[in-house]
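Take a look at the structure set out below.
The values are calculated or read from the model by the stated rules, or taken from the named source; none is laboratory data. None of these values were measured; they are calculated from a predicted model. Heads up, the Cβs are rebuilt from the backbone with ideal geometry, glycines too, and the neighbour counts pull from every protein chain shown.
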Amino acid sequence: MTRNSTQVSAAILISGNGSNLQAFIDAVNDGSLDLNIAVVVSNRPDAYGLLRARNAGITTACVQDGDYADRTAFDEALADTLEVHEPNLVILAGFMRILSAAFVKRFEGRILNIHPALLPKYPGLNTHQRVIDAGEHWHGSTVHFVTEELDAGPRILQGRVPVLADDTVSRLSGRVQAVEHKIYPQAAALFASGRLTFRAGESWLDGARLDEPVQYNGEF
Ligand code: GRF
């Protein structure tokens with residue numbers, strides 16, 4: 001992957017499988033996403049996503065939470081590791097650590113997250129099981145800017161899937177992830193092209209405030 005001088009540069013943070021990371025790599029490779037993935041950082045050395053990054057020739061780093069005295073020290077080390085690569089965008093892709101207010105401030109307005117639920121419904125963990133237990137008819141995933149409040153930053157893009165009568169967590173999460181792999185690279189593409197911005201705590205697209213997230217309907 002060669003970089004041109006105007007290209008937006010991203011750091012992608014992972015903790016595990018990295019199927020969303022793979023979707024970014026694939027989108028860059030097929031030309032649908034104009035982004036330089038400068039570094040992939042994991043808080044776990046055994047994250048499979050690190051292998052995906054290395055296979056794609058992307059620089060990797062590991063900042064292990066166990067190596068630091070507390071969350072503040074870990075977040076500082078993480079931020080310092082990212083800053084070496086001067087990212088314009090920080091993409092959380094299955095990064096299973098809650099970031100401190102100080103970290104969020106350092107990268108304010110340029111951190112994206114994807115949460116497997118139709119936010120503001122179901123913030124937090126175990127969303128698929130909670131959705132099945134509640135008898136919901138719809139589920140999905142939301143890309144949003146990260147603010148200090150967990151899963152509550154301004155929303156950008158949302159993809160919905162139906163919940164089927166005999167759904168299991170594994171089947172439902174598989175369908176949700178298929179949607180994630182479409183909407184997350186697309187949200188990054190909107191940011192990279194300058195169409196999507198964060199202003200005063202809100203998402204703006206094409207110069208208009210997004211009061212509701214854009215709904216993905218199967219095509220862009
Ligand atoms: C995704 O489903 C995302 O919604 C959540 O963590 C999961 C990460 O999966 N934040 P993967 O590691 O990208 O496969």
Requested in this report: Select from the range 22-50 the residues that are assigned to a helix (DSSP H, G or I) and more than 12 Å from the ligand (Cβ to nearest atom) and list them in ascending order.
Outcome: D26, A27, V28, N29
Query raised in the report: Among (1) within 19 Å of I25 (Cβ to Cβ); (2) surrounded by fewer than 19 Cβ atoms within 10 Å (Cβ to Cβ); (3) away from the ligand (no atom under 13 Å from the Cβ), which single condition is A152 missing?
Result: (1)
Report task. Report the residue count in the range 132-181 for those that are assigned to a strand (DSSP E or B) and touching a helix residue (DSSP H, G or I) at 6+ places or on another chain (Cβ under 7 Å). Result -> 8
Requested in this report: Return the pairs, sorted by first residue and then second, in which the second residue is among the aliphatic types (A, V, I, L, M) and at pLDDT below 95, the first residue lies in the range 192-220 and is more than 19 Å from K121 (Cα to Cα) and surrounded by fewer than 16 Cβ atoms within 10 Å (Cβ to Cβ), the beta carbons are less than 6 Å apart, and the residues are 6+ apart or on different chains.
Outcome: none
Query - Candidates I98, I91 - the one that is within 29 Å of V131 (Cβ to Cβ), touching a residue at least 12 places away in the same chain (Cβ under 8 Å) and part of a loop (DSSP other than H, G, I, E, B) - result: I98
Query - Unmet criterion (only one of (1) crowded, with 17+ Cβ neighbours inside 10 Å; (2) away from the ligand (no atom under 14 Å from the Cβ); (3) of a type in the set (G, A, S)) for G135 - result: (1)
Requested in this report: Identify the residue in the range 1-18 that is in contact with a helix residue (DSSP H, G or I) (Cβ under 7 Å, 6 or more places away or on another chain) and farther than 21 Å from L99 by Cα and, among all such residues, is modelled with the lowest pLDDT.
Outcome: M1
